[in-house]
Amino acid sequence: MIDDDHPEPLLMVHGITKAFAGVQALKGVDLEVRAAEVHCLLGQNGAGKSTLIKVLSGVYQPDAGVIRWQGDEVSIIHPVFALGLGIATMYQELDVVEGLTIAENIFLGHERASGGMLKVKEANRAARALLVRLGHGNLSPGTEVGRLSAANKQIVSMARALSHDTKLIIMDEPSAVLDSEEVRNLFRVIRELTAQGVAVVYISHRLEEIRQIGDRITVIKDGSSMSVGLSVADTPTADLITLMTGRAVANVFPDRVPVAADAPVLIDVQGLSLRGHFSDVNLSVRAGEIVGLAGLVGSGRSEILETIYGARKASGGRVRVSGVRLTAGSVNDAVRAGIGLAPEERKSQGLILDEQVYRNVTLSTFARFARGGFLDERRERQLALEQMQALELRPADPDRATRTLSGGNQQKVLLARWLLHGTKVLLLDEPTRGVDVGARAEIYALIRRLSAAGTAIILVSSEIEEVIGLADRVLVIGDGEVLTTTDAHAIDERGVLDLVMKGAAA
Amino acid sequence: MSERDGAIAAQSDSHNEAENHPGVLRRIMSGSVGRNLGLVIALVVLVIVGTITAGDRFASYDNFLTIIRFASIIGVISIGLTFVIIAGGIDLSVGSVMGLATVVASLAAVQAAATQSSWILMVLIPLGVGIAAGLVNGIVIAYGNVVAFMATLAMLVGARGLAELISGRRTQIVIETGFLQFTRSSIIGVPLLIWVFLIVAIVAWFLLNRTTFGRRTVAIGGNREASRLAGIRVKRHLVYVYVLSGLTAGIAGIMMLGRTTAGTSTHGGLYELDAIAAVVVGGTLLIGGRGTIVGTVLGVLIFSTLTNVFTQNNLDTSVQSITKGLIIVVAVLLQQRFATRGPSGT
């Protein structure tokens, strides 16, 4: 893979695999980074980028594979070991301590001190030198980090990475929190770093950014590297999208049932807005119809669902269920009107993990099994069990702790909850996240079955394929705007990606 | 029946001392029945120690009644607090709200001494004070989004100050004979205070385990966001839970008035700490989502038995405090080890 006229690469990664609890996150990844280059890592959500980064930064140990650093085989056993080698990582969630100053953050964990006494002046001087190196000499080392913008926090994080003798900085979607002006500034900083010989691994799914800043690209899909070190200049965008998406998809999506022409509109959303997240969303869903929202993480998809549901209070617009207008910001109102939400973060937002399964199934309905406040638990368990059996939830043991179920079965607990409630409108946010491949087909079939039975469904997924495969109509969302509304068969994965990437680059 | 087998096995094992301990403890502590079983064993061990060291002075019917009577006031407070902690909150104001309730009630009794109605007043006023304080706590916490620790700490300080202000720091002796006769009466040889404790415990058990109120409390403590997204009115329910805690503090106020025949702003000092200790030792998770009334009652009884054993042996109260501290630490350590096992119940 290495051209003869190029020197020994800084980092060589070959055949890395990593599995978590039976899920193969990395199936064999190769990567080769040269000194002073910007190497882009491209891939869809869940492709394995984050896992790879954590292997390189010593957070995870690979199950198999070889890592060579400056020609020598190494095993990166610990994050501190990675720093010692000269590999620093800037994670997506900025890991700065808001209450400390810029200088204190930069030298966090390797404070400038003698005999336990901090050398504040020396630290400030060294911090200033690093900031100047990053072209941000205007930042004062004594400023509290909590008062900085996201962009400047990122500079602090970068300065910290450089405060070790760093030869490689891994940046995990650094542009996600920045506006376009700040992104330009970030690129200027990156160019200065590479000019000083530092290599950068740059992760993004914004193709336009990669065109601007990248030297070479490695594409990762489904835990494998599809290409290693393609030249950015010589690879057309179309090829990259094919590499990212072109998997041989088994036809796991069940056939569509045409929506009856006279099916009533169950939910109607007009001009819905949430300040700072999205604006003027219009959609309506009929009985038996599935409407999908496609877009990147952070495009406002989940916020739209949560606002329809009342979990966030809309700043404008209205939601009607079967013609009845809902009170903005009232989940209780939405639930009573017949809306159910299966939230994105199933474990933290959907389930009480230590409780028995049946109590999670009846979480929205248990009051029905009470007379004068006293619960009829036998009937409650019985009806919960019936729903569990109808959804083929395994094991069909109502008394088991919900924590012990697999992701797919936990998702079924949520679906059972809303079926028991008699929900007319179901909002599904990432219904197959953390669900293994086999169980996915089952969840898909279930969603179809619910829809065929007359439920109106709004589906959000970061897997575009899933949205197109399941939905009757698709709304493409970019930066809080509905970019387009189309029939699902009139658009494909590439079409959606084209739209959202154009939107994101603008 | 298997629990009883477990109890016998565990008891005989516990004579085998240290090397068997981890295995035995693991078996005892896994599951909620087992957790209460561990408390029963601790209580039995205390009773055995008391009987050996103090003989008949300890092991008599009268002394056992004394132990339970001693436990009853803090017990009622702890039961209310159990709901708050299961719901994921904390109420530091219970002791000082109880003190305020005694002050207001005893002053009202003096004002109304001439009238016939004061007997009823002395029951209703503490309840009213408790409910009002709980309402304030609940609204500030649920709707004001103030951290429960701080909101109830403010109530602790504020209620104590208010009690001092309106009593002029004077102790008010209750002379209402009807009230005193009632609160100091016995039914089939058991003092009324114990009956109140028993009834509160039974009602609370039903409330927690058999009603929608209890289910909501456990659900909110187990996962507040999931409960909210399931359509439960979390904020409103939290207010009810703090009102319940205030109500039990009010009931404790009535009991305190009866037992001491006096209302004073110093009543209930540091009761919040004793109550929290009893609830936590009783197996309720401080992070919420799981807890039992039976456990709390056992926790209270363990501490009052411990106090009794020390008193009967004329031992230093400082040593007693150290022992209490050890019990709390051991209970929490065990809780952490076994916290994620088994569903909640009883």
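Within the stretch A:165-214, can you find the residues that are at pLDDT below 85 and assigned to a loop (DSSP other than H, G, I, E, B)?
Scanning the stretch A:165-214 gives A:Asp165, A:Glu173, A:Leu178, A:Asp179, A:Ser204, A:His205, A:Arg206.
Please indicate, with yes or no, whether at least one residue in the stretch A:108-120 is under 30 Å from A:Gly229 (Cβ atoms) and in a helix (DSSP H, G or I).
No.
Write out, first by first residue and then by second, each pair whose Cβ atoms fall under 8 Å of each other, whose residues are 6+ apart or on separate chains, and whose first residue, in the stretch B:189-208, is farther than 25 Å from A:Arg371 by Cα while the second is part of a helix (DSSP H, G or I) and small (Gly, Ala, Ser).
B:Leu192/B:Gly258; B:Leu193/B:Ser72; B:Leu193/B:Gly258; B:Ile194/B:Ser72; B:Val196/B:Ser72; B:Phe197/B:Ala71; B:Phe197/B:Ser72; B:Phe197/B:Gly75
Count, please, the residues in the stretch A:275-309 that happen to be part of a strand (DSSP E or B) and either touching a Gly at 6+ places or on another chain (Cβ under 8 Å) or without any contact (Cβ under 8 Å) to a residue 24 or more places away in the chain (or both).
6
Restricting to the stretch B:273-291, what's the tally of residues that are in contact with a Ser or Thr (Cβ under 7 Å, 6 or more places away or on another chain) and either more than 19 Å from B:Gly221 (Cα to Cα) or more than 14 Å from chain A (Cβ to nearest Cβ) (or both)?
Going through the stretch B:273-291 one residue at a time, the tally reaches 4.
For the stretch A:359-379, what are the residues that are assigned to a helix (DSSP H, G or I), within 10 Å of chain B (Cβ to nearest Cβ) and either within 36 Å of the chain's Cα centre (by Cα) or among the aliphatic types (A, V, I, L, M) (or both)?
Hits for the stretch A:359-379 are A:Arg359, A:Asn360, A:Phe366, A:Ala367.
Within the set of pairs 6+ apart or on separate chains, which have a first residue in the stretch A:140-153 that is modelled with pLDDT of 85 or more, a second that is in a loop (DSSP other than H, G, I, E, B) and surrounded by 14 or more Cβ atoms within 10 Å (Cβ to Cβ), and C-beta atoms under 8 Å apart?
A:Glu144/A:Leu100; A:Val145/A:Val96; A:Val145/A:Leu100; A:Leu148/A:Leu139; A:Asn152/A:His136; A:Asn152/A:Leu139; A:Lys153/A:Leu94; A:Lys153/A:Val96
Checking A:Thr402 against (1) hydroxyl-bearing (Ser, Thr, Tyr); (2) in contact with a helix residue (DSSP H, G or I) (Cβ under 6 Å, 6 or more places away or on another chain); (3) within 14 Å of another protein chain (Cβ to nearest Cβ); (4) under 30 Å from A:Asn282 (Cβ atoms), which test does it fail?
(4)
Given the criterion over 27 Å from the mean Cα position of the chain (by Cα), within 13 Å of chain B (Cβ to nearest Cβ) and either part of a strand (DSSP E or B) or in contact (Cβ under 8 Å) with a residue 12 or more places away in the chain (or both), identify the matching residue among A:Asp354, A:Asp333.
One residue alone meets the criteria, A:Asp333.
Out of all the residues in the stretch A:445-469, which are part of a helix (DSSP H, G or I) and either surrounded by fewer than 19 Cβ atoms within 10 Å (Cβ to Cβ) or not assigned by TED's automatic domain parsing to the domain that holds A:Leu497 (or both)?
A:Ala445, A:Arg448, A:Arg449, A:Ala452, A:Glu465
Are any of the residues in the stretch B:226-238 at positive phi and within 14 Å of another protein chain (Cβ to nearest Cβ)?
Looking through the stretch B:226-238, at least one residue is at positive phi and within 14 Å of another protein chain (Cβ to nearest Cβ).
Out of (1) within 14 Å of chain A (Cβ to nearest Cβ); (2) surrounded by fewer than 18 Cβ atoms within 10 Å (Cβ to Cβ); (3) assigned to a helix (DSSP H, G or I), the odd one out for B:Leu333 is which?
For B:Leu333, the exception is condition (1).
Results for (1) surrounded by fewer than 16 Cβ atoms within 10 Å (Cβ to Cβ); (2) in contact with a Gly (Cβ under 8 Å, 6 or more places away or on another chain); (3) assigned to a loop (DSSP other than H, G, I, E, B); (4) not basic (Lys, Arg), shown as yes or no for each residue.
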{"position": "B:Val279", "(1), (2), (3), (4)": "no, yes, no, yes"}
{"position": "B:Gly289", "(1), (2), (3), (4)": "no, yes, yes, yes"}
{"position": "B:Thr307", "(1), (2), (3), (4)": "no, no, no, yes"}
{"position": "B:Asn314", "(1), (2), (3), (4)": "yes, no, yes, yes"}
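The values are calculated or read from the model by the stated rules, or taken from the named source; none is laboratory data. Please read all numbers here as calculations on a predicted model, not as lab measurements. Because the Cβ atoms are built from the backbone with ideal geometry, glycine has one as well, and the counts that use them run over all protein chains shown.
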